[in-house]
Amino acid sequence: MSPGADVGIDYGSKRVGLAICISGVVVPQQPLLEPAWDDIVSRLRELAEGYGSGRVVLGFPLAASGNRIPLCDEVEKLARHLREMGFEVHLQRETGTTLEARQFRDSSRRDGKTDSLAAAIVLKRFLGMA
């Protein structure tokens, strides 16, 4: 599943932030609101059709202490599901990405755009750009 555009995901049960790296530039994408896993797969396939298939970088939500939180299990299951669908998936620690994203945007609105900024930060970390 490479070369192509790498995609970052900030997964949450209510909102999923997405970002894509195109020609070395990480760009937040329209988030998914209350998505099912099939919605995530469909969006990844759309992005792959438009930009080529690259790696999927899924934010791994460890606590600041490095300990697992309940969402870790769901993220690992999603990673397995995406791999079964043919995607090359990597987990990247996402600690602090939402707080960092809030510096650039008013997060009181629950439209998912802060989540897409967090996905961009996850992807930049993975790519060594942050």
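All of the numbers you see were taken from the coordinates with simple rules; none came from a lab. Keep in mind it's a predicted model, so treat the numbers as computed, not measured. Cβ coordinates were reconstructed from backbone atoms using ideal geometry, including for glycine residues, and neighbour counts include every protein chain displayed.
Sort the following peptides by mean Cβ neighbour count (other Cβ atoms within 10 Å, averaged over residues), highest first: 5-14, 93-102.
Details: 5-14: 22.6, 93-102: 17.7.
Peptide ranking by packing, descending: 5-14, 93-102.
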Item to check | Helical contribution to [θ] at 222 nm, DSSP H n ≥ 4, -39,500 (n - 2.57), averaged over the chain, rounded to 500 | outcome: -12000 deg cm²/dmol
Item to check | Most to least packed among 40-47, 67-74 [average Cβ atoms within 10 Å] | outcome: 40-47, 67-74
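Looking at the chain, send over the antiparallel percent of its DSSP beta bridges, to the nearest 5. Could the numbers behind the result be given before it?
Numbers: 11 of 21 bridges.
So the antiparallel bridges in the chain amount to around 50 percent.
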Checklist outcome for this item: The aspartates and glutamates whose Cα lies under 12 Å from the Cα of residue 14, excluding any fewer than 8 residues away in the same chain, are 34, 111, 115
Next on the checklist: Give me the percent relative contact order of the range 1-64, please, defined on Cα pairs under 8 angstrom at least 6 residues apart.
Outcome noted: 43 percent
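With only Lys, Arg, Asp and Glu charged, each at its Cβ (+1 for the first two, -1 for the last two), find how big the charge dipole of the chain is about the Cα centre; round to the nearest 20 debye.
Details: 17 positive and 17 negative charges, 65 e Å.
In total the dipole reaches around 320 debye.
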Checklist entry - In whole percent, what relative contact order does the chain give with Cα contacts below 8 Å and a gap of six or more residues? => result 35 percent
